[in-house]
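Structure first, commentary second.
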Amino acid sequence: MEAMTTSAAPRVLAFPGYRAPAGRLAARLGWGLDEVAVRQFPDGESLVRLPASLPEHAVFYLSFDRPNERLVELELAAATARDLGAGRLTLVAPYLCYMRQDSAFHPGEAVSQRVVGRLLARRFDEVVTVDPHLHRTARLEDAVPARRAVAVTAAPALAEWLAARDDAPVLLGPDAESAQWVRAVAEPGGLEHAVAHKVRHGDRDVTIRLPDFDFAGRDVVLVDDVASTGHTLAGAARAVLGAGAARVDALVTHALFVGDALDLLAGAGVGEVRSTDSLPHPTNAVHLDALLAGALEGA
Ligand code: R5P
């Protein structure tokens, strides 16, 4: 294919559903914005179309809300961008999929974190994401060995959002893995925080055991990186309300909220549910463009 790159300034290429957050990021950086067009054929295949002319540095923006589809569409887009002559490709994926399977928990299981990380690193010079679910893996570059792999944290933005509340809630992380995020969100405002113990019995079956903390009469905000089926947050909400909490809300970074997750939370007594715009969702309340721009500035 003939190279058709034209401009020296980077441009952000927004996947469907991501025009708004990608536009905020592009505006903040003074970069141009284009869209990636994706059409689904009746059989489920995707047709991906990029602008016919690309800059030397193209920045793709999407999150992995439908991970399998998005991975294929991104692969098609990135390969096409190279064919069109883009010399440098950056991926901004505020929510990075497949980061939780960091080990073969049973013989023969794919270690998806490693496989997907390498796939992305083969296509992209840089990968920028937000609070990837790295548990046993120390650094993002260990999972995504791109030339540059940057993980920014949403904690300062979540802390700022909490600071606007007129109470001083206790923050509760529902499981040991959330401890890093709960601490980082609580500390800027000097909020009390605690971490529960979770045992997962199945995709939609968790048991939450509260830590030794007096929740009676307190406003509690559950803080987690990912909410998927909502069972983790619902279990934590039932537990703290059972321990006498006055009110329980939830604040998450990556709002997957699959199926009836929000109904489940309402049924468990959760009041306000808020999230960052890492994934487009009606609960979005915290924009991440400033943090992402910080990771890209000077790039
Ligand atoms: C796992 O440790 C994550 O931090 C979340 O707690 C988990 O992904 C939530 O999943 P679900 O909403 O399906 O309980």
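Brief remarks on what is shown
- In summary, the chain shows an alpha-carbon radius of gyration equal to 1.05 times the 2.2 N^0.38 Å reference for compact globular proteins.
- Shape of segment 142-183, Cα gyration tensor, a/c cut at 1.5: oblate
- Separation of the Phe105 and Leu119 label points, Cα + 7 Å toward Cβ, nm: 2.0 nm
- Each 10 Å bin from zero holds the following percent of Cα-Cα pairs in segment 153-263: 15, 50, 32, 3.
- Whole-Hz ³J(HN,Hα) from phi, Karplus 6.51 cos²θ - 1.76 cosθ + 1.60, for segment 262-279, glycine and proline x: 5, 5, 4, 5, 4, x, 8, x, 6, x, 8, 10, 10, 8, 7, 8, 4, 10
- Net charge over other residues, Cβ less than 9 angstrom from the Cβ of Leu251 (K, R count +1; D, E count -1): -2
- Peptides 168-175, 267-274 ranked from most to least packed, by the mean per-residue count of other Cβ atoms within 10 Å: 168-175, 267-274.
- Value of Rg to Rh for segment 85-193 (Rh from inverse mean 1/r over Cα pairs, i.e. Kirkwood): 1.07
- Taking the helices alone, the chain has a mean residue ellipticity at 222 nm of -8500 deg cm²/dmol, built from -39,500 (n - 2.57) per DSSP H run of at least 4 residues and averaged over all its residues.
- Distance between segment 20-87 and segment 173-218 - C-alpha centres, whole angstrom: 37 Å
- For Ser275, the amide hydrogen comes within under 5 Å of the amide hydrogens of Val252, Asn284, Ala285, Val286, counting only partners 5 or more places away or on other chains and with H modelled in the peptide plane.
- Size descriptor, Kirkwood hydrodynamic radius, that averages inverse alpha-carbon separations across segment 1-151, Å: 15.9 Å
- In segment 33-68, GluC sites (Glu not before Pro) in a DSSP loop with at most 14 other beta-carbon atoms within 10 Å: Glu45
FYI, it's all coordinate maths here, none of it is from the lab. Here the structure is a predicted model, which is why all the values come from computation and not from measurement. Virtual Cβ from ideal backbone geometry, glycine too; neighbours counted across all protein chains shown.
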